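The values are calculated or read from the model by the stated rules, or taken from the named source; none is laboratory data. Since we're looking at a predicted model, the values are computed, not measured. A quick note on method: Cβ atoms are made from the backbone with ideal geometry, for glycine too, and the neighbour counts reach across all protein chains shown. Heavy atoms of the whole protein, side chains included, go into the accessibility calculation; ligands, DNA and RNA do not. Shrake-Rupley method; radii C 1.70, N 1.55, O 1.52, S 1.80 Å.
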2 protein chains.
Amino acid sequence: MADPFIAETRAILERTPGVLRALLSGLPEAWQEGRDTPDGWQPRDVVGHLISAELDDWIPRAELILEHGPEQPFPPFDRFAMLQRDRDVPLDTLVERFAELRATTLGQLSELVADEDLDRVGHHPTLGEVTLRQLIATWAVHDLDHTAQVFAGLSAHYDQEVGPWKDYLGILLRREDPSAVPG
Amino acid sequence: MADPFIAETRAILERTPGVLRALLSGLPEAWQEGRDTPDGWQPRDVVGHLISAELDDWIPRAELILEHGPEQPFPPFDRFAMLQRDRDVPLDTLVERFAELRATTLGQLSELVADEDLDRVGHHPTLGEVTLRQLIATWAVHDLDHTAQVFAGLSAHYDQEVGPWKDYLGILLRREDPSAVPG
């Protein structure tokens with residue numbers, strides 16, 4: 001039986017641009033101001049970070065594994081590159097830029113990776129030995145993690161508007177205290 | 001200047017069905033099995049809960065505030081009604097059912113609530129006095145909170161697949177320990 005891993009992973013990777021577009025495209029600016037935590041990221045920062053990862057992370061690392069295996073460690077990845085690079089770019093433009101990049105990287109994934117490559121090994125500078133399968137799985141969960149982060153940033157706009165209901169809204173409580181449990 | 005509150009809130013409420021459709025429609029079943037926490041909800045439970053709230057919560061409570069003010073407390077809301085009611089309903093059907101209900105409730109919101117009603121007061125059985133404005137704000141944040149919960153449920157499918165990268169993926173770490181901070 002064929003390994004469903006690549007098809008299943010693509011099912012998430014293919015959806016993320018449409019999810020971000022459905023959520024963020026044309027959204028009033030007031031919703032775009034909040035951060036997922038007081039020192040955290042606005043939705044635009046999250047989309048910018050996803051853009052950075054499409055450019056510098058997933059496909060370059062897959063290529064490194066396939067070409068050099070564990071002998072050449074992954075180069076460092078700048079988690080904050082977007083803060084300068086995308087400073088004046090409107091959120092809608094960032095979402096479309098991400099969608100274009102994702103279409104490209106999904107094409108590259110098809111060309112680069114077959115089932116029999118998934119156990120090939122690379123070297124992560126802090127995590128040590130990792131497989132191509134783990135890299136591709138992480139790509140999908142990284143999408144889910146950061147898209148969820150956008151929702152936390154959006155919620156900040158109504159932190160006060162909900163009044164006493166805040167006690168029941170974990171997404172607001174956790175912005176200030178990660179261990180908070182809704183009442 | 002007109003109060004932007006209702007229009008801003010609608011901007012979130014209108015987007016949620018499309019976001020859930022973009023994320024969940026046709027998603028392979030393996031992604032649908034996970035829960036946001038070990039005892040938590042699968043994506044289908046979250047969508048079912050959102051359906052319950054469209055039926056029994058937001059509009060009925062708004063009507064109660066407008067018709068009776070604080071004299072008639074909100075009736076209790078069953079947070080688990082979907083577990084039996086939707087047991088055999090496919091996820092795609094639940095998403096479309098939610099989208100239909102949301103279109104209806106947004107129409108009701110337009111008919112029922114004007115800016116000058118937003119300060120009217122109702123009585124919540126445990127929170128006490130609440131305003132219509134707070135109720136409607138909570139409707140939007142409740143959408144954001146539960147949609148984010150869907151992402152956590154989806155991520156569970158790759159809890160092991162990501163290997164050592166799990167240390168960096170808060171969405172996985174928090175499923176087991178709400179206070180976990182990614183490395």
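A few comments on the model shown:
- Summed buried accessible area for B+A [probe radius 1.4 Å, Å², rounded to 100]: 4500
- The HN-Hα couplings worked out from phi for the stretch B:4-11 by the Karplus form 6.51 cos²θ - 1.76 cosθ + 1.60 (θ = phi - 60°) are x, 4, 5, 5, 5, 5, 4, 4 Hz, whole numbers, x standing for Gly and Pro.
- Stokes-Einstein D in µm²/s, Kirkwood radius over Cα pairs - the protein assembly as shown at 10 °C with 1.306 mPa s viscosity: 74
- Computed with a 1.4 Å probe over protein heavy atoms only, the accessible surface of the protein assembly as shown comes to 43 Å² per residue.
- The 3J(HN,Hα) values that the Karplus relation (6.51, -1.76, 1.60; θ = phi - 60°) gives for the stretch B:26-35 are, in residue order, x, 5, x, 4, 4, 6, 8, 7, x, 10 Hz. Gly and Pro appear as x.
- Summed residue charge, Cβ within 11 Å of A:ARG44's Cβ, Lys/Arg positive, Asp/Glu negative: -4
- Per-residue Karplus couplings for the stretch B:53-62, computed as 6.51 cos²θ - 1.76 cosθ + 1.60 with θ equal to phi - 60°, are listed in order as 5, 5, 6, 10, 10, 4, 6, x, 5, 4 Hz, Gly and Pro entered as x.
- Computed with the Debye formula from one identical point scatterer per Cα of chain A, without solvent, the log10 of I(q)/I(0) at q = 0.09, 0.11 Å⁻¹ comes to -0.38, -0.56.
- Only protein atoms count toward the accessible area here, which uses a 1.4 Å probe; on the stretch B:1-125, the carbon and sulfur part of that area reaches 50 percent.
- The alpha carbon centroids of the stretch A:89-148 and the stretch B:95-158 are separated by 34 Å.
- The stretch between B:GLN108 and B:ALA180 holds 21.8 nm of extra length on full extension. This uses 0.36 nm per residue minus the Cα-Cα distance.
- Shape of the stretch A:71-152, Cα gyration tensor, a/c cut at 1.5: prolate
- The shape of the stretch B:3-98 comes out oblate: with a ≥ b ≥ c from the C-alpha gyration tensor, a/c is at least 1.5 while a/b does not beat b/c.
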